[in-house]
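Report on the structure given below.
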Amino acid sequence: MESYSTPEQIAEVVYEAATDGKGQLRYVAGADAAATYSARLQIGDEAFRGAIRQQFFG
């Protein structure tokens, strides 16, 4: 849990997303989120969803 994003990191990214005027769809907040998003990009959406499903539902 020590590597999880802090509430302050999340708040900064939410504020940026709400005020930057971009049409950007996704914003990544913190190193943990960056690692998760990178894994998703590497293995693809379907495999990522399967891995998450396996993690939570066995």
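The values are calculated or read from the model by the stated rules, or taken from the named source; none is laboratory data. Model, not experiment: these values are computed from the prediction. So basically every Cβ, Gly included, is an ideal-geometry build from the backbone, and we count neighbours across all protein chains shown.
Overview of results
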read-out: Extreme residue, nearest to residue 2 (Cα to Cα), among residues of segment 27-44 that are under 13 Å from the mean Cα position of the chain (by Cα) and exposed (fewer than 12 other Cβ atoms within 10 Å of the Cβ); value: 38
read-out: First in segment 14-26 and surrounded by fewer than 10 Cβ atoms within 10 Å (Cβ to Cβ), second anywhere and at pLDDT 95 or above and among the small types (Gly, Ala, Ser), Cβ under 8 Å, 6 or more apart; value: 24/17
read-out: Which listed residue is hydrophobic (A, V, I, L, M, F, W, C) and not in a helix (DSSP H, G or I), from 13, 28; value: 28
